[in-house]
Structure formats: C-alpha cells, structure tokens
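Asks: I have a structure I would like to understand better, so I am pasting it below and will then ask my questions one at a time.
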Amino acid sequence: MRSRLVNLLRIALFWFLVFASSQVGAFPPENLPRGQIVDKVACQADPRQTYALYLPSHYTPERKWPILYAFDAGARGRLPVERFKEAAERYGYILAGSNNSRNGPPEPVIAAIRALFEDTQTRFSINENRVYLAGFSGGARVAVSVAYSLKGLAAGVIGCGAGFPSEINPSPSLPFAYFGTVGFEDFNFSEMRKLDQTLDRLAVPHRIVMFKGSHDWPPPEVCGDAVEWMELQAMKSGKRTRDETLIDEVLKKAVQKAQSDNSSKNAYEAFLGYKALEADFKGLRDVTAFNSERARLENSKEVRRSLRSEQEQEDRQNELGSKLYALKERYQSGGNSSSVRQELKNEIADLKRTAARKEDTPDRLVARRVLSLMTVQLNQEGMQFFQARNYSLAAFNFSLAAQISPENPRVLYHLACAYSQDGKKKDAIEALQNAVEKGFKDVLALETDPDLEPIRKEPAFQGLVEKLKKEG
C-alpha cells in the first residue's frame, strides 16, 4: 500500500509544481479569526474536505508566511494544531491539520492532501520556500512521502512516532530537513533510534528527540523545539534571513541544558545535548568546544552503558513481541485452542503487571512498548477479520485489545459489534455496556449501525439507548 501511496502522490501532487507559485493568495482575504484555532475550514473546491486552522495573531496577507501541514493517523486535525500553536504564534507559521487524512487506503489520503494544499495555497499568503509537513504514526510516513513527491519544494518534515515509509530509503541527498520525535514508551522507539543512526552516517541535517510518553504527538514544548530547529535550518539554507539574536537565544538555552545534564552526572543526556549542539549550530557559530565535549562523553563508560542498555531493551522487546504474536497465530490457525488462548491471556496479564510498576525500570519500559504495539496489531487484525466476516476471530482480537486497554470505549464498541454479528448476544450487550460505562456516548451509532442489528430488539440494548438519551 505504501508503494502505491508514493506513486499516487507523485501524480496527484504534480500540479503543485506548476500551480502553487502562480496562485498564492488568488482568493480575496476572508474574515477568518487570527490567534485562535478554527476546528473546521471547508475547502472551497470540495467542502467535504476540511482542516483545522491556526493563523498567527499578526497574520496579514501583505507578506508571505511559512506553513506547516499536519497529518494525523486518525484524522484528528485539531490535535497537532493545538500542539504546535504556541510555536506557530511565536515564529509566525500558518498551521493546517487535515480532518480527512487518516491511516487506510491511499486514495482518500491523496484526495485530502490535494484539497488541503490547493485550498491553503489559494486562500492564504504562503512563502513557497517555507512549506513544512508534520505527521504522527502513519501520518509521519505520509509527510515523508509528500515531501519526496514535492521534489525539493518541502523545506522540512517533522515526523512523530514513526520514520520513513519502507520504499523510501534515506540518502545523503535528502531534499528536506528532518526532525523526528518519539516517546520513550513508543513501540516505534527502536525504529526512530535506528533512523537517527542512519541519518548520522549519511551526514543528513536532522534531529530526533525523545520525550516522556508513548505513541503520540509530542508535547507542545517538543513541538516548539521542532519549529525552532527548522528556523535554524532555514537560516543555514538561506530560506530566511539570519537572526543573530535568535541564534544566540537558542544556543544559550541548549548549552545550559547540556551543562546541567553534565553537572548532574546524566552523561548520556549531556552527550546527546552536545551532539545536537555540534550539528545544529555548525555554520552558525563555532562548535569546536561542543565537538570536544561530545567526543569525550561518547567514550565514557556511562554513555557506552546507556547505549548497550538501549540495545538490550530493543532485543527484549522483539523477543516478547514475537512470543505474543506467535501465540496469537497458533490460536488463530490451530483450531482455537482454549489452552493457547489462556496462555496468551496470562502472558498479557504478566506484561500488564510489569507495565504498572511504579518504579521506572527497563523492564517496565519494554512491557509498555510491547503492549502498545500489541494493541495496534490486535485492532488492525480485528478489523481485517471483521471485514472478512470472520466475526469469531475479530472478537478474539478485540477481546485481547480490551484486556490490554479496558478503559478504551472504542475497542469495547468494536468488540460488541463482533459479538453481535457472531450471534453472541449476551456478550455483545455486556461489551456495549462496558463501552458506555467507559465513555461511549454515540446514540446515533447505536441506533443505526447495522452491525448491532442482531441485538437491537434486546431489552437491555433498548434500555441502554434510553439511558444515554436521558443523560443528554
């Protein structure tokens, strides 16, 4: 699918190369609010396509502005706009987060991207040399694919929680600056770590930042660091005028952080800090001292131990993940053995206990990464089995996902639909009651979803609907 996505992007975005530069600001200015997020701006050519928008409070069409396009894996356009809002206001970026682009077939993604680009390029005054793309999870891979398809017109990519699509290999001629982010508990942590090493070897301008969290968009402060880093890259490349005051401000902050880590004996964090200082400010300031500190720390026992620990965590994650997946495959292909199912549930329960420990240990970190990845795989395969009308195996996958994430109402709702179609009315009602208890409030879905038709006349189902209607 990803290969098809890249090919379609190359075709669908060709218009950008010949259209965008001549159409910037073609429509007259509108009364869109400045300095606040607009949840849904409908594209003028296709109102079915919408995006969340943020215009800086000082936006005026008389000058050209950088723009950051954001693609979320679940079409949550507002979420990345919220995370980047503070940085966009400070550095003068327009933000546009697609409400239609999501993980799935490529054609809807292409339609969303083309509509978003065309509408913003004609509606707003955009600096065609300062076009940036950001994405989370599958959206991160989409952002990289779009940047490649724009053939050098994208200034930078901010990839969150995932790296490059499999058919695009990084090379020394990477046509955009790359800033990656990943949570320490993200199941894609090792992927981003390897990408960092690859881009290091290729001497490609990049930065990858880790933060406390799991598979998610980074917090606002990391989003701010990403935009700030893009400003430095723009100065290096001549895409924006050098701002010596800003360079000194960013430099001072980064040096203080590295020195603080060093003095607190956090050698690995200090090593990463000096490594970033050396790369980020080369060509802007003298980095000789940073080079020396980075080399000294790199050879220290503390840093070597940290690097070894990261590799051990990655190996353990692969081992545990492979064991869980093998058990699941045995169950699905071996006659639905109750003993295998129980063994799988026991393994998940053990991992949950480890993941719930208060002490921050490598074992806890690995358990959280494995469970996070397993949840994604279970939901994806559950949907695939459901679409293939294998409702028993769909329910099996959703039930395991619910064991890992019992507070997730959407997983419980999918489980209820699978049980309903599988003829297990009692289990379906119970799963649906749990979904409502955990926050599912979509009365329209309950009344119209054909997957729930087999249980719609059940008194317990009707009582649940009436209760939700009364609650408002």
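Asks: Show the residue pairs that are 6+ apart or on different chains and have beta-carbon atoms under 8 Å apart, the first residue being within region 115-133 and more than 21 Å from residue 72 (Cβ to Cβ), the second being basic (Lys, Arg) and buried (at least 19 other Cβ atoms within 10 Å of the Cβ).
Replies: Pairs that qualify, where the first residue is more than 21 Å from residue 72 (Cβ to Cβ) and the partner is basic (Lys, Arg) and buried (at least 19 other Cβ atoms within 10 Å of the Cβ), are 130/240.
Asks: Return a yes/no flag: does region 184-205 have any residue that is under 19 Å from residue 86 (Cβ atoms), open to solvent by less than 40 Å² (accessible area, probe 1.4 Å), hydrophobic (A, V, I, L, M, F, W, C) and not in a loop (DSSP other than H, G, I, E, B).
Replies: As a first pass, look at region 184-205 and keep what is under 19 Å from residue 86 (Cβ atoms): none.
There is no residue in region 184-205 that is under 19 Å from residue 86 (Cβ atoms), open to solvent by less than 40 Å² (accessible area, probe 1.4 Å), hydrophobic (A, V, I, L, M, F, W, C) and not in a loop (DSSP other than H, G, I, E, B).
Asks: Scan region 367-386 and report the pairs whose first residue is free of Cβ contacts under 8 Å to residues at least 60 places away in the same chain and charged (D, E, K, R) and whose second residue is surrounded by fewer than 20 Cβ atoms within 10 Å (Cβ to Cβ) and in a helix (DSSP H, G or I), with Cβ atoms within less than 7 Å and a gap of 6+ or a chain change.
Replies: none
Asks: Within the bounds of region 193-209, is there any residue that is within 13 Å of the chain's Cα centre (by Cα) and on the phi < 0 side of the Ramachandran plot?
Replies: No, the conditions are met nowhere in region 193-209.
Asks: Are any of the residues in region 443-450 in contact (Cβ under 8 Å) with a residue 40 or more places away in the chain, of a type outside the set (Ser, Thr, Tyr) and either within 27 Å of residue 161 (Cα to Cα) or in a helix (DSSP H, G or I) (or both)?
Replies: So far as region 443-450 goes, no, none of its residues is in contact (Cβ under 8 Å) with a residue 40 or more places away in the chain, of a type outside the set (Ser, Thr, Tyr) and either within 27 Å of residue 161 (Cα to Cα) or in a helix (DSSP H, G or I) (or both).
Asks: Separate question: What do you reckon, is residue 460 farther than 30 Å from residue 355 by Cα and out of contact with any Asp or Glu (no Cβ under 6 Å at 6 or more places or on another chain)?
Replies: Here the answer is yes, as residue 460 does meet what is asked.
Asks: Here's another thing I want to ask about it. Looking only at region 215-228, count how many residues are open to solvent by 20 Å² or more (accessible area, probe 1.4 Å) and within 16 Å of residue 139 (Cβ to Cβ).
Replies: 2
Asks: Now a separate question. Just checking, does region 267-279 include any residue being open to solvent by less than 30 Å² (accessible area, probe 1.4 Å), of a type outside the set (Lys, Arg), part of a helix (DSSP H, G or I) and under 21 Å from residue 68 (Cα atoms)?
Replies: Filtering region 267-279 for residues open to solvent by less than 30 Å² (accessible area, probe 1.4 Å) gives 267, 270-271, 273-274, 276-277.
Those still in the list that are of a type outside the set (Lys, Arg) too: 267, 270-271, 273-274, 276-277.
Those left that are additionally part of a helix (DSSP H, G or I): 267, 270-271, 273-274, 276-277.
Filter once more, so that each one left must be under 21 Å from residue 68 (Cα atoms): none.
No: region 267-279 contains no residue that is open to solvent by less than 30 Å² (accessible area, probe 1.4 Å), of a type outside the set (Lys, Arg), part of a helix (DSSP H, G or I) and under 21 Å from residue 68 (Cα atoms).
Asks: Having 3 or more residues that are under 24 Å from residue 417 (Cβ atoms) is the bar; report the helices (runs of 4 or more DSSP H) wholly within region 288-391 that clear it.
Replies: Details: elements: 288-298, 301-333, 338-355, 362-387.
Because the criterion is at least 3 residues that are under 24 Å from residue 417 (Cβ atoms), the helices (runs of 4 or more DSSP H) in region 288-391 that meet it are 301-333, 338-355, 362-387.
Asks: Just give me the residues in region 446-457 being modelled with pLDDT of 95 or more and touching a helix residue (DSSP H, G or I) at 6+ places or on another chain (Cβ under 6 Å), in sequence order.
Replies: Listed by number, the residues that qualify are 451, 452, 454, 455.
Asks: For region 401-442, give me the residue count where each residue is in contact with a Pro (Cβ under 9 Å, 6 or more places away or on another chain), assigned to a helix (DSSP H, G or I) and closer than 16 Å to residue 468 by Cβ.
Replies: Here the count works out to 5.
For every residue, the table says whether it meets (1) without any contact (Cβ under 8 Å) to a residue 24 or more places away in the chain; (2) within 12 Å of residue 314 (Cα to Cα).
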| residue | (1), (2) |
| --- | --- |
| 169 | yes, no |
| 172 | no, no |
| 176 | no, no |
| 180 | no, no |
| 184 | no, yes |
| 188 | no, yes |
| 195 | no, no |
| 199 | no, no |
| 206 | no, no |
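Asks: Could you please tell me which pairs satisfy a Cβ distance under 6 Å, a separation of 6+ or placement on different chains, a first residue in region 416-429 that is closer than 12 Å to residue 389 by Cβ, and a second residue that is assigned to a helix (DSSP H, G or I) and among the small types (Gly, Ala, Ser)?
Replies: As it stands, the answer is 418/394; 418/395; 422/392; 422/395, since those pairs meet every condition given.
The values are calculated or read from the model by the stated rules, or taken from the named source; none is laboratory data. Remember, predicted model here, so these are calculated numbers, not experimental data. Positions of Cβ are backbone-derived with ideal geometry, glycine not excepted, and every protein chain shown enters the neighbour counts. SASA here: full protein model, heavy atoms, side chains in, ligands and nucleic acids out. Shrake-Rupley method; radii C 1.70, N 1.55, O 1.52, S 1.80 Å.
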